[in-house]
1. Quick check: residue separation of GLU233 and LEU124 times 0.36 nm, minus the Cα distance between them. What number comes out in nm?
2. Would you mind pulling out the separation of the Cα centroids of region 200-224 and region 155-174, in Å?
Amino acid sequence: MTRQGDREEGMGPRRPAGAPRRVPGGSAQPTLEELAQAAPGLARIAASMAWHGASEVVNAYAEGASRVMRAASQGESTAEAVQETTAELRAYLRELIGVQEGSRPRPASDSSTAALRRRGEELLRQSADVSVDVDSHPAYMRILDALAPDEGRILRFLAREGAQPSVDVRSGLPFASELVAQGCTMIAEEAGCRHADRVYAYLNNLHRLGLVWFSREALRDARRYQVLEAQGEVTEALERGGRTARTVRRSIVLTPFGEDFCAICLPLD
């Protein structure tokens, strides 16, 4: 173990505690608060460099952290140890990535921004080119990859049969009610889904993809809610809600985007 006052490998001789340290050029080292703020950034730089194959950066950072901990355990000034370690790691990283002192590295986002701009320009060029004819939305292929087979059945059912009823169950006064059950529906059973118990996960995914919408509007034909409101899921929720429980009628509909998707991607006949 290195004794206090000895010179460690890769470090300069120790100075009296509290003596200000100068970096090349004569500028004073930043305050402890500034160094504490800089340390997480240096850790991120080290992790980024390691991801690109420079694992020695991680080793240097770990060695520096150990050095600070040793200083604290031996009663030395941790502020001084932090200053030394931070300055050395910064200088090492600058040398490794070829950045000169005082220079400003080019932001990493510049290249990605330029690539996005080129793609946007190409998109607008195609929109003005009458010879380019795209017969479907480019997202449709990715959407098909993100659908479960039962979700395809639900989409086809909505495209064929139109909007479907759903109900919420609430209890309490009209302006101070509590939600007991939400979005109860028979759409999975009527669409012939193999896993009807997963209907809420299916509907949430379809909504996430922009294919269906949970409308607050009720269907005009009130008779379509009678069978739904007699289902066990709804009656049990009404019992839990007590004397003031009631159903609030909603509907599940295809969005215009969903209608176009079904018309192009699904066999509806």
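What follows draws every value from the coordinates through simple rules; no lab data is involved. Just so you know, these numbers come straight off a predicted model, no measurement behind them.
1. Numbers: separation 109, 0.36 × 109 = 39.24 nm, distance 5.07 nm.
The span from GLU233 to LEU124 would gain 34.2 nm if fully extended.
2. 6 Å
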